[in-house]
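To keep things clear, I will list the structure first and then write my remarks on it.
Nothing in this text is a laboratory measurement; each read-out follows from the coordinates by a stated rule. Bear in mind the structure is a predicted one, so any value in this text is a computation, not a measurement. A quick note on method: Cβ atoms are made from the backbone with ideal geometry, for glycine too, and the neighbour counts reach across all protein chains shown.
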Amino acid sequence: MPKVTFIDFSGAERVVEAQPGESLMQAATGNMVSGIDADCGGACACGTCHVYVDDRWLGAVGQPDEMEEAMLEMRPERQPNSRLCCQIEVTDALDGLVLRLPEYQM
C-alpha cells in the first residue's frame, strides 16, 4: 500500500497507508490526519482539504481541473503547488508522496 506523509504547519509528520483508488482526502480523514477538515466530503466544493504538494511530486499528482482551480483561487494562501487532496486519487506511483498542510483550512 502506498505511504503518504502529511506534514502539518508546525512541522509534525504523519505517515499513513493509503488504499489505491481512494482520494488522498479519504486517506487523511480515514487516518484522522489533523488539519484536513474535508467539510464537503470530497465534492470539491469547500477547499478544506488544501495541501501543498512537495515539488518533487508535482508531475506525479497532475494538474488541477477547472473546478478545482476555481476552488483554489479562493484560497488566500494559495501557492503554485497547492492542490485539494480530495481531487488526487491514490495510485501505487504515489508511494512516498509528501504533502504539507497550511496553517488553517477555510
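Net length available on complete extension from D92 to M106 is 2.0 nm, with 0.36 nm assigned per residue and the Cα-Cα distance removed.
The alpha carbons of region 3-100 stretch over 29, 25, 24 Å along the principal axes, in descending order. With the simple model of a label 7 Å out from the Cα in the direction of the Cβ, A70 to N31 spans 3.2 nm.
In sequence order, region 25-41 has phi-based couplings of 5, 5, 4, 5, 5, x, 10, 6, 6, 5, x, 10, 7, 6, 4, 8, x Hz under the Karplus curve 6.51 cos²θ - 1.76 cosθ + 1.60, θ = phi - 60°, and Gly or Pro positions carry x.
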